[in-house]
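Please treat every number below as a calculation from the coordinates, not as lab data. This one's a predicted model, so the numbers in the text were calculated from it and none came from an experiment. All Cβ positions, glycine included, derive from the backbone under ideal geometry; neighbour counts span all protein chains shown.
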Amino acid sequence: MQSERETPTPAYLDLLSAMTPGDDWQVDFAIMGSYSLDYKALGLMLMTLAGVWEQDSKQPSKTDFARAIDSMRGKVSVVIQPTRSRPFKPGNMKYLHLMDQFVSEYRYQGDNFKPHSWHPKFMLMRLSNTEENRMTRGIESQWRFWFGSKNFTLVDNLDIGMTLVSGKGKRCKVQNGVYELAQKTLKHLPSELVDTFQKYSSELKRCKWNLPTGVKELELQLLEPDDHRQYPDLSPATKELFVLSPFLNAHTVNYLAEIGIEKTKRTLVSTDTSLQKLSNGNHNGLSKYRCFQFPDVYSRSSVEVSSPNDSRNGDLLHSPQMDSQIAPSERDDIISDTTSGLHAKIIMAKGAEDCRLILGSVNATRRGWYANVEVVGDCCVTRQTYDRLYNIVDDRYEIYEFDQACDLVEEDEIDSLEMMRSSIEDALVQTPIVIGMSTNASFAEVHVPKDLLPQEDGTQVFFDWVNGSNPTLITDTIFRVELLDASAMSDVIRLTLCKGQNTLTFTTKATFDSFDSESRDHAAFSKYLTASSFLELVYQDLTGVKRSGEGSRWDHDATLNAVQNTSESKSATYWLSRMPTVDMIFKSWSKEPTVIDRVARHLAQAKALALGENSMWTKDEIEKITTFSDVFHNILVGLKDYA
């Protein structure tokens with residue numbers, strides 16, 4: 001669902017389009033939340049936020065990626081559920097050491113822990129305008145907020161979300177929920193980004209938002225485990241109820257089945273697996289719905305909608321005690337929440353006078369409404385918007401009616417290793433893994449919660465760096481592991497659960513203590529960018545122009561790229577063609593003096609890496625980079641003396 005803008009927007013708008021700054025805008029900061037994250041999706045998001053790549057354009061290059069890392073450092077953070085980051089394939093692990101700085105893991109900070117997950121999906125960003133555009137349009141900044149059901153992964157799901165854009169028109173309204181969501185998220189963010197946010201905090205609190213066309217009112221909430229929570233309060237006079245959710249729970253389905261009157265039309269759309277589980281349990285609540293199973297195969301990845309120009313059975317009432325004790329089997333809506341297929345979550349209710357739309361990250365499960373951290377938007381919408389949403393799935397996909405009398409399907413048992421992974425996930429929410437320097441400089445000291453120690457059933461946990469150290473069996477809550485070289489260091493580590501012949505491996509983030517992250521980033525860049533790529537980065541800084549054919553694809557392995565470059569001509573003509581000219585330096589300085597400082601930083605990094613012990617550059621490349629860096633430094637000294 002997309003807010004009104006000055007230019008027409010398509011009816012279906014994906015998340016990356018909402019992240020694109022656009023002409024004359026630049027991102028000041030962005031905070032995001034997602035249950036799961038893969039690092040290739042994060043790379044595309046960073047390049048989008050930095051304005052160096054847009055969807056449907058050609059494949060971004062290594063230099064695009066480097067510029068995004070450099071410009072977004074300290075401005076962007078994604079909060080995710082522990083153990084739910086999914087890195088690149090093993091051959092591209094060197095990307096990980098540049099990107100883990102943009103990821104934070106959720107940590108529960110209350111006093112009454114109960115099993116739950118960080119499950120919201122949202123993005124809040126502030127953009128500032130260029131001076132020229134500020135003078136002509138009189139707009140200094142813009143805020144954008146997106147929330148919905150889509151995780152920040154490349155998984156091809158059907159999702160739905162809503163985008164809000166700040167404004168000053170008559171339809172603009174203050175949304176306290178956006179400000180409160182940001183404040184609740186701060187405790188999970190790095191201190192550098194918290195300081196940046198605080199500069200604009202009062203501005204966000206006063207900010208007014210364009211409500212999407214067809215939305216009359218919006219109440220936004222970030223639900224946390226310790227909040228007083230309840231199912232949505234829908235009118236007893238509801239005439240029509242529509243529930244769309246990939247995961248279901250009998251208690252929730254039965255509760256919603258009691259909404260309305262005898263003639264209330266109720267529709268439930270879910271996956272075949274979820275419907276079969278409820279059917280197998282002989283839950284009578286399903287008989288009050290027209291049930292439809294969503295097919296496994298479809299062609300569209302996400303849906304963003306823009307509309308066109310209490311009678312209850314006493315047996316079903318919930319108690320706080322029952323809702324606070326989530327059964328282990330109800331973890332299913334979390335364990336499988338990256339499955340390809342239906343992933344949107346909607347509850348809609350049509351009454352005699354108004355229409356309600358409830359969307360966000362929460363599934364139609366008791367765990368979703370009473371335990372997890374979730375983002376929920378409760379909207380009052382026009383009847384046209386309601387009807388359009390009611391038909392949108394059926395318009396684009398073939399929905400098969402669910403036969404409640406079909407043969408029962410035997411449920412698979414949850415694997416014991418998966419259960420232990422879930423237990424470790426909960427433990428890491430309270431007690432993160434901490435990695436610090438040991439008394440022996442060749443080793444790191446690792447602190448882990450006791451849940452990772454060997455279990456009575458024979459399950460053992462092994463620890464290693466994602467980039468390939470020797471796995472270490474965890475036998476104590478404090479142990480030492482051998483350090484890798486700086487370019488391989490990352491706070492994303494790998495845990496492997498072993499029981500008999502079976503293993504389960506997953507990644508999670510640890511907390512670094514006393515490690516030089518800047519040196520680590522520089523070392524990683526040395527294995528990622530070639531000498532010519534560094535010069536291309538400098539060229540783009542000075543001119544703002546990207547030369548055609550520059551670099552290789554950003555997600556290609558850096559080692560392969562380095563091998564290919566060794567076969568290139570290293571003649572004087574080749575190097576002169578890659579190096580920016582003195583004329584470019586002077587023109588850039590006269591237009592924007594601060595660009596020179598960024599170029600100087602890049603060249604200082606390049607020179608340090610070229611002379612480093614693990615440099616992958618040839619002798620000729622090192623000589624040219626060093627010479628150019630020295631010449632540039634002399635010019636820079638002269639310009640500063642002149643100024």
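Can you flag which of K150/K205; K150/K277; K168/K205 are past 21 Å Cα-Cα?
Long pairs (Cα-Cα over 21 Å): K150/K205; K150/K277.
Once phi is turned into ³J(HN,Hα) by the Karplus curve 6.51 cos²θ - 1.76 cosθ + 1.60 with θ = phi - 60°, what whole-Hz value does each residue of the range 285-293 show in order, with x for glycine and proline?
x, 4, 5, 8, 10, 7, 9, 10, 9
Restrict the search to the range 156-189; then list the trypsin sites (Lys or Arg not before Pro) that DSSP places in a loop and that have at most 11 other Cβ atoms within 10 Å of their Cβ.
K168, K170
Taking a ≥ b ≥ c as the square roots of the Cα gyration tensor eigenvalues, with a/c under 1.5 meaning rounded and otherwise prolate when a/b beats b/c, else oblate, which class fits the range 157-229?
Oblate shape, in that a/c is at least 1.5 and b/c is the bigger or equal ratio.
Computed FRET efficiency, Cβ-Cβ of E456 and L504, R0 25 Å: what is it to the nearest 0.05?
Efficiency computed from Cβ-Cβ geometry: 0.90.
Whose amide H sits under 5 Å from the amide H of I433, counting only residues 5 or more places off or on another chain, with H placed in the peptide plane?
Distant-sequence amide H within range of I433: T511.
Give me, ordered by chain and number, the residues 5 or more places off C355 or on other chains with an amide H under 5 Å from its own placed amide H.
Long-range HN contacts for C355: V381.
So, how do all the Cα-to-Cα distances of the range 93-231 break down into 10 Å bins, in percent, from 0 on up?
Going out from 0 Å in 10 Å bins, the range 93-231 shows 9, 32, 37, 18, 4, 0 percent.
Please compute the volume of the convex hull spanned by the alpha-carbon atoms of the range 196-235 and report it per residue in Å³.
In the range 196-235, the Cα hull volume divided by residue count equals 138 Å³.
When we measure straight from the Cα of K619, which lysines land under 29 angstrom away, once same-chain ones fewer than 8 places off are left out?
K62, K94, K527, K546, K570, K607
At a Förster radius of 41 Å, what calculated FRET efficiency corresponds to the Cβ-Cβ distance of R480 and T20, to the nearest 0.05?
0.35
What lysines does K499 reach when the alpha-carbon gap must be under 20 Å and sequence neighbours fewer than 8 apart in one chain are set aside?
Those lysines meeting the cut-off are K450.
Can you give me the long-range amide H partners of R266? Hydrogens built in the peptide plane at 1.01 Å from N, cutoff under 5 Å, separation of 5 or more residues or another chain.
It is L241, R290, by chain and number.
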